[in-house]
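Trainee: Here it is, the structure in full.
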Amino acid sequence: MSAGYFGLQTTIAESVRISGIGVHSGKPATMEFQPAAADHGIVFERYDNGRLIARYRAVSDNVGPTALCTVLGDNPTRWVATIEHVMAALYALGVDNLTVTVNGPEMPIMDGSSRVFVEAIDEVGIVTLSEKRSYIRVTKTVRVENGSGWAEFSPHDGTRFDVEIDFDTPVIGRQKWRGDMTAETFRRELSGARTFGFMRDVEPMWARGFALGSSLENSVVISDDDRVINPEGLRYEHEFVRHKT
């Protein structure tokens, strides 16, 4: 475990606002990062027309559906959806305490990556608080399996990610990313990797009310003949596994 994890808690220096659209709802979404005191944790607040609808701590007990995004809450009229890109940025930059407000049910998708959230936090800066950080040390391997997929935590002197994906398309195939996770590694190698999907899945998702805001501006799209159809192509070698990481 890196030395930074044994230090003091953090928050951001001042509030910062970000506006875009929801990738599933297709509707405008404005969120704000707000500083918070020590031991507050990461808390998401949903507002509708200026009225507070729900408040959730970003902990596993509050996670609802995860099929197409990560959701806090289990009632669509109250939940906060698509938090995973925000949470990735907060974790990688070491932000412990924050209130994240959003108008409506979903975080803005921006360009489909975590980059905008990283840049917003870097813009206002991170400050150190007086309370010590709490952390979990992994002392033995813990493994979870789901179909052909699995994930595990193993003891390690540091914080290292080792991620592998395997898709039945030559555009992706089997890809791996591994490395020690630091804020700079995340900024440089992972934060700009975008969400991705297949053209063949778009119409079924639309019919179910999902991906209504998805476009080539916020998703890497793979055609039915196995091509990336975004005019600019990919941002990284193996962008797909970098996004999953």
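Trainee: When the residues of segment 131-167 are narrowed to those that are without any contact (Cβ under 8 Å) to a residue 12 or more places away in the chain and of a type in the set (D, E, K, R), which ends up farthest from L8 (Cα to Cα)?
Mentor: Going through the qualifying residues, I end up with D166.
Trainee: Please work out which residue is nearest to R235 (Cα to Cα), limiting yourself to segment 150-207 and to residues that are open to solvent by less than 40 Å² (accessible area, probe 1.4 Å) and of a type in the set (F, W, Y).
Mentor: F196
Trainee: Could you please find all residues in segment 168-191 being touching a helix residue (DSSP H, G or I) at 6+ places or on another chain (Cβ under 7 Å) and in contact (Cβ under 8 Å) with a residue 24 or more places away in the chain?
Mentor: As a first pass, look at segment 168-191 and keep what is touching a helix residue (DSSP H, G or I) at 6+ places or on another chain (Cβ under 7 Å): 172, 175-177, 179, 181, 183, 186-187, 189-191.
Correct list: I172, Q175, K176, W177, M181, A183, F186, R187, E189, L190, S191.
Trainee: Here's another thing I want to ask about it. When both residues are 6+ apart or on different chains and their Cβ atoms are under 6 Å apart, which pairs have a first residue that lies in segment 44-68 and is touching a residue at least 40 places away in the same chain (Cβ under 8 Å), and a second that is assigned to a loop (DSSP other than H, G, I, E, B) and open to solvent by 50 Å² or more (accessible area, probe 1.4 Å)?
Mentor: L68/F210
Trainee: Can I ask one more? For residues that are surrounded by 19 or more Cβ atoms within 10 Å (Cβ to Cβ) and more than 26 Å from K244 (Cβ to Cβ), tally how many sit in segment 54-79.
Mentor: So the answer is 0.
Trainee: Would you mention how many residues in segment 21-69 are in a strand (DSSP E or B) and among the hydrophobic types (A, V, I, L, M, F, W, C)?
Mentor: Number of matching residues: 11.
Trainee: Let me ask something else about it. Considering segment 203-245 alone, what residues qualify as being assigned to a loop (DSSP other than H, G, I, E, B) and among the aliphatic types (A, V, I, L, M)? Walk me through it before giving the result.
Mentor: Of segment 203-245, the ones assigned to a loop (DSSP other than H, G, I, E, B) are 208-219, 223-227, 229-238, 245.
Those that are assigned to a loop (DSSP other than H, G, I, E, B) and among the aliphatic types (A, V, I, L, M): A211, L212, L216, I229, L234.
Trainee: Here's a follow-up. I need a count of the residues in segment 80-102 that are surrounded by fewer than 21 Cβ atoms within 10 Å (Cβ to Cβ) and under 20 Å from R51 (Cα atoms).
Mentor: 2
The values are calculated or read from the model by the stated rules, or taken from the named source; none is laboratory data. What you see is a predicted model; the values in this text were computed from it and never measured. Neighbour counts are summed over all protein chains in view; Cβ atoms, including those assigned to glycine, are modelled from backbone coordinates with ideal geometry. Note: accessible area is taken over every heavy atom of the protein model, side chains too, but ligands, DNA and RNA are not part of it. Shrake-Rupley method; radii C 1.70, N 1.55, O 1.52, S 1.80 Å.
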